[in-house]
Amino acid sequence: MRADVLVVGGGLGGVAAALAAARAGRSVILTEEFDWLGGQLTSQAVPPDEHSWIEQFGATASYRALRDGIRDYYRRHYPLTGRSRAWTDLNPGAGWVSRICHEPRVAVAVIEEMLAPYRGSGRLTVLQPYRPVAAETDGDRVTGVTLAHRDRDERIDVLAPYVLDATETGELLPLTGTEYVTGFESRAETGEPSAPAEAQPMNMQAVSVCFALDHVDGDHTIDRPAGYDFWRDYKPDFWGDRLLSWRSPHPRTLEIVERSFTPNPDDDPLSVNADQRVNPGDGNLWTFRRIAARRNFVDGAYGSDITLVNWPMIDYFESPVIDVPNASWHLAKARELSYSVLYWLQTEAPRPDGGTGFPGLRLRGDVTGSPDGLAQAPYIRESRRIRAEYTVVEQDLSLAVRGEHGAVAYPDSVGVGMYRIDLHPSTGGDNYIDVGSCPFEIPLGALIPQRMENLLPAGKNIGTTHITNGSYRLHPVEWNVGEVAGLLADFCLTRGESPRAVRGTPRLLAEFTDRISAAGVERRWPRIAGY
C-alpha cells in the first residue's frame, strides 16, 4: 500500500496527525493495534488530564472540537437532566481530575465522526488492528514499514514519503534505527535539578492497567487472582504501607496520606470544581476519576455512578515494559495487579462503617470495551524518546527555576501546554517526582530527529527528558504534537523541503507557523493587558 503520509499508532497524537494531513488534502494511512482509536482517552481508559484554563485557551482548535463533540454527543444521545443539559461546561462524570470526565466509548464515537468524511472519500485508510514489526531504510530515510495483523497471520507493507511514529512506546524508533533515549538522563547531560548523577536508561515510570467500576446490589466478587497473595503483601520501601491500602505518598509532599473511598455519594455534579490549582481531587477515590455521575441523568437511567480506577495502587513498577525481553510477561503481571486491587476492594478494603470489602463493586468491561473487563491497553506514561534537535529540559519550564519569568519562549514554538512535572513511581525504585510547572510551549526542534529526515514523532516520543515527559505526556499536548506533525508532513511535501530545513530557514519557519496558526494551533500563551 502507498500513501503520502503513514501514521503508525492511532492514539490521540496519531488521530490528530491523520486528521490534519487528510484535511490538508493528503492521502493517509493510519494504523492502530487495539480495537479503539484514541489511545489514552479510549483504549487505555484515562479521562483527560488537562490544565486549569482549558475551557478558555491553551489547546488547538481541533482538540477543542473533540471536547465539544463529546459534550454534544451526550446532549444528543444521553438522558441528561434538564439542569445538566443546560450546563455549558458539562462534565458527564463530574470527576475531580478533569472538567470533562466521560465514558471512553463516547470519545471513540466522536473520533470516528471526525475522521468519517476522509474515510468516506478514500483519502484516509485505517488499518486496524495492526502493529509495526519491521521497517526498511535507505540512509537517513524510512522507505517502508511492515505491519502485522494482531489476530491472524497477515502482513502489509506500506510505502510513504513521510512516516509518523504515533505509537505509545515509540515502536518505530528501534525498527528504523532512529537514535532514541529511555529512562533517566544524567544531570551532567541535561543540567536538570531533579536528574540523577548518572543516566538510568531502564528507570522508567510505572505503567497502569485501568478499569471501570460501578456499585450495585449483590455480590460481584471476582475469582481470587492467582498472584493475589504476593500483591496483598507487597510493601514498597517508600510507600508507607502495603501497596493495597488507602495509604500512599502524597505526590507533591511525599507525606504518607490516607485517602477515602465512598461509592455513590449523593453529591451535586454541578458543584464539582475540577481545578487542579485548587484541589487535586483525589481525597475520595470514587469521585476522583468518575466518568458517569448518575445525578447528571434522569432518575433510573444509571443505577450507579461509574468510576475509573487509575489510582496509585495499580501502578506497576516492578520492571520496564520497553526494551526488555519479557515485556509481555510484565504486562500480564500489571493486569494481575489490577485484578488483585479489584479483589482487595471487594473483599478486604476497609469501609467507613468499620467493615471490610465492597462486594457490590462490579467490573464494567462493557464500558472499557474489553472481554477481560480491564482496559484494552495499558496506560503507558513514558515512551522511547527521539534524540532531537532540541530537547526540552526541566529548567525550561520548572516554576522553581523560571519563577515570574515563565517558561522559556521558543522561537520555533508550535503549540502550548500546561501540567505539573508529574512523575509516578518508577522501575528504579524512585518515589513520585512532582515539580511545579509554568505554562509552556512546544518547540518544533523537539519533533525533529537529529539524523532521520522523513520520520517524525507524533506523540509522547518527542524530544523531552524523563523529567519533562511528566508535563508533555498529557492528552491536549499529545494531540497538539500529532496535529503539528501531520501539518509539517504536508508542508514539507508541498514545498519540497525537509523538516530540518523548515526549522532552520527563517522564511520557511515563518510560513509554517503561519500555516499552523491558521489551522487553529495556539503557539503562545495569552498575555492579558488592560485597554
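Near THR42, once Lys and Arg are set to +1 and Asp and Glu to -1 for all other residues with Cβ below 12 Å from its Cβ, the sum equals -3.
Over every Cα atom in segment 130-202, the radius of gyration and the widest Cα-Cα span, Dmax, amount to 16.3, 49 Å.
Using a 1.4 angstrom probe on heavy atoms only, work out the carbon and sulfur share of the accessible area of segment 129-214 in %.
Details: 1550 of 3410 Å².
Heavy-atom surface of segment 129-214 belonging to carbon and sulfur, 1.4 Å probe: 45 percent.
What whole number of Å gives the distance from the Cα centroid of segment 143-219 to the Cα centroid of segment 39-76? The distance from the Cα centre of segment 39-76 to that of segment 143-219 comes to 23 Å. Spin-label model, ARG247/ARG75: points 7 Å from Cα along the beta carbon direction are separated by 4.8 nm. Relative to the longest principal axis of the chain, what angle (0 to 90°, nearest 10) does the C-alpha long axis of helix 12-23 take? Approximately 40 degrees, to the nearest ten.
For segment 348-481, evaluate the Debye formula with one uniform point scatterer on each Cα (no solvent term) and list log10 I(q)/I(0) at q = 0.10, 0.11, 0.15, 0.21 Å⁻¹, rounded to two decimals. Computed log10 I(q)/I(0) values: -0.46, -0.54, -0.80, -1.19. Computed 3J(HN,Hα) for segment 473-488, one whole-Hz value per residue from the Karplus formula 6.51 cos²θ - 1.76 cosθ + 1.60 where θ = phi - 60°, is 8, 7, 3, x, 6, 4, 4, 4, 4, x, 4, 5, 4, x, 5, 5, glycine and proline marked x. Solvent-accessible surface of the chain, averaged per residue with a 1.4 angstrom probe and all protein chains in place: 36 square angstrom.
So between SER121 and VAL278, what do we pick up on full extension, going 0.36 nm a residue minus the alpha carbon distance?
Details: separation 157, 0.36 × 157 = 56.52 nm, distance 4.63 nm.
Taking 0.36 nm per residue and subtracting the Cα distance, the gain is 51.9 nm.
Over the chain, what is the relative contact order in percent, taking alpha-carbon pairs closer than 8 angstrom and at least six residues apart? Present the calculation step by step, with values, prior to reporting the outcome.
On the way: 1265 pairs, mean separation 117.1, N = 531.
Computed value for the chain: 22 percent relative contact order.
To the nearest ten degrees, helix 327-347 and the longest principal axis of the Cα atoms of the chain are 30 degrees apart. Eigen-decomposition of the gyration tensor built on the alpha-carbon atoms of segment 257-399 gives equivalent ellipsoid semi-axes of 31, 22, 16 angstrom, largest listed first. Which option, (i) 1.20; (ii) 0.93; (iii) 1.04, is the value of Cα Rg over 2.2 N^0.38 Å that was calculated from these coordinates? Correct label is (ii).
Taking the C-alpha atoms only, the angle from helix 506-518 to the longest principal axis of the chain is near 40 degrees. Which trypsin sites (Lys or Arg not before Pro) does segment 248-343 hold that lie in a coil by DSSP with at most 10 other beta carbons within 10 Å? Sparse-neighbourhood loop trypsin sites (Lys or Arg not before Pro): ARG277.
Averaging the sequence gap over all C-alpha pairs within less than 8 Å and six or more residues apart, then dividing by the number of residues, gives segment 391-497 a relative contact order of 29 percent. For segment 242-401, averaging the sequence separation of C-alpha pairs within contact (under 8 Å, six or more residues apart) and dividing by the residue count gives a relative contact order of 13 percent.
The values are calculated or read from the model by the stated rules, or taken from the named source; none is laboratory data. Nothing here was measured: the structure is a model prediction, and the numbers come from that model. Because the Cβ atoms are built from the backbone with ideal geometry, glycine has one as well, and the counts that use them run over all protein chains shown. Protein only, heavy atoms only, side chains kept; ligands, DNA and RNA dropped before computing areas. Shrake-Rupley method; radii C 1.70, N 1.55, O 1.52, S 1.80 Å.
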